[in-house]
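Here's the structure we're looking at; comments come further down.
The values are calculated or read from the model by the stated rules, or taken from the named source; none is laboratory data. Predicted model, so just to flag it, every value in this text is computed and none were measured. Cβ placement follows ideal geometry from the backbone for every residue including glycine, while neighbour counts extend to all protein chains displayed. Ligands, DNA and RNA are stripped out before the accessible areas are found, and what is left, the full protein with its side chains, is counted by its heavy atoms. Shrake-Rupley method; radii C 1.70, N 1.55, O 1.52, S 1.80 Å.
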Amino acid sequence: MLTSKQRSYLRGLASVKDAVYQIGKSGLQDNVLKQLDDALTARELIKITVLKNCVSTAKELIGELASALKAEPVAAIGEKIILYRYSVKDGIKHIELP
C-alpha cells in the first residue's frame, strides 16, 4: 500500500513520461493485460491513456487494472491512468520510494 507522499512522488515521476499504451473501444482484453503486465515488469511505473471511444472512464478502469495486474493504483487524472508495481526483474533501475 502506497502512502500519500509516495503517490505524490510517483505522480511527479510519471508527469514527464509518455503513455505506454492506449485503451480504446475494445476495452480490456487478455492481450492488453499481457502487454501492460510486460510493461510494468520492465518499467515499474507506467502511464496509460484511455481514449474517448472507450466505454469506461479512467476512474472506472484504474481499480480493475490494478487488481488484474497486481499493481498499485497511483492516479486517474482525466484520461490518464498511472500504475506502479515493484519489479523483481534483474538489470532494471528500480524506483526508490520516499
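Only residues that are open to solvent by less than 30 Å² (accessible area, probe 1.4 Å) and aromatic (Phe, Trp, Tyr) were counted across the range 66-95, and they come to 1. Reported count of residues in the range 30-75, each being small (Gly, Ala, Ser), within 15 Å of Lys89 (Cβ to Cβ) and assigned to a helix (DSSP H, G or I), is 2.
Give all pairs with beta carbons closer than 7 Å in which a residue from the range 65-91 that is free of Cβ contacts under 8 Å to residues at least 24 places away in the same chain meets a residue that is in a strand (DSSP E or B) and open to solvent by less than 90 Å² (accessible area, probe 1.4 Å); count only pairs at least 6 apart in sequence or on separate chains. Sorted first by the residue in the range 65-91, then by its partner, the pairs are Ala66/Glu72; Ala66/Pro73; Ala66/Leu83; Pro73/Leu83. Here Thr57 fits the description: at pLDDT below 95, among the hydroxyl-bearing types (Ser, Thr, Tyr) and touching a strand residue (DSSP E or B) at 6+ places or on another chain (Cβ under 8 Å). For beta carbons closer than 7 Å, sequence separation of 6+ or different chains, a first residue in the range 45-57 that is in contact (Cβ under 8 Å) with a residue 40 or more places away in the chain and a second that is open to solvent by 20 Å² or more (accessible area, probe 1.4 Å) and not small (Gly, Ala, Ser), the qualifying pairs are Leu45/Leu13; Leu45/Ile95.
Conditions tested, residue by residue: (1) closer than 16 Å to Ile82 by Cβ; (2) touching a Gly at 6+ places or on another chain (Cβ under 9 Å); (3) surrounded by 17 or more Cβ atoms within 10 Å (Cβ to Cβ).
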{"position": "Gln6", "(1), (2), (3)": "yes, no, no"}
{"position": "Tyr9", "(1), (2), (3)": "yes, no, yes"}
{"position": "Ser15", "(1), (2), (3)": "yes, no, no"}
{"position": "Tyr21", "(1), (2), (3)": "yes, no, no"}
{"position": "Ser26", "(1), (2), (3)": "no, no, no"}
{"position": "Leu33", "(1), (2), (3)": "no, no, no"}
{"position": "Leu40", "(1), (2), (3)": "yes, no, yes"}
{"position": "Leu45", "(1), (2), (3)": "yes, no, yes"}
{"position": "Ala58", "(1), (2), (3)": "yes, yes, yes"}
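Would a scan of the range 17-26 turn up a residue that is assigned to a helix (DSSP H, G or I) and touching a strand residue (DSSP E or B) at 6+ places or on another chain (Cβ under 6 Å)? Checked against the condition, which is being assigned to a helix (DSSP H, G or I) and touching a strand residue (DSSP E or B) at 6+ places or on another chain (Cβ under 6 Å), the range 17-26 yields no hits at all.
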